[in-house]
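Written below as structure tokens is the structure these notes are about.
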Amino acid sequence: MITSRYARGLQAALIGMAMAGSIAGAHADIKDYKFELVDQTIQAGPDKVITVRLMNTKTGKPVPDAVIFATRLDMAPDGMQEMVTKVTPMPGTEPGTYRFKANLSMAGGWQLSLGAKVQGETGTVESKLVITAQK
Ligand SMILES: [Cu+2]
């Protein structure tokens, strides 16, 4: 009976290792990603550049090569959600940053809503960022 006890013990050890392995190898969750503004305050006016950074909050590192498929910029923070302006993507200047050109026609609070896909992750990163446009 020594062999079977040994076998059971070995099996338990293998299950334990498999569980430990799956925890150590746990993939980052889509909720661990978020966009943040590089500059909170931007001069009001046409052709203004908004720069955001996509962060993996678990590693604290910027995330390159995300596919941004949804953008909206409106004045919801100032109660003018119907005041929407066009957002044009621009090439980023460094990995993990994403830039957009927009006409910030009015001073005040603008909300940038972003939807993005991250390489190797399922789900969608959704962030709402509030920018202050100054006169
Ligand atoms: Cu407005």
Long-range amide H contacts for Gly45: which residues qualify at under 5 Å (H placed 1.01 Å from N, peptide plane, sequence gap of 5 or more or a different chain)? Leu104, Ser105, Met106
Residue-span extension gain [Val130 to Ile30] - 0.36 nm each, minus C-alpha spacing: 33.9 nm
Alpha-carbon centroids, the stretch 76-132 and the stretch 38-67: separation in whole Å: 8 Å
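Readers should treat all values here as calculations from the given coordinates under stated rules, not as data from a laboratory. Not measured: the values here are computed from a predicted model.
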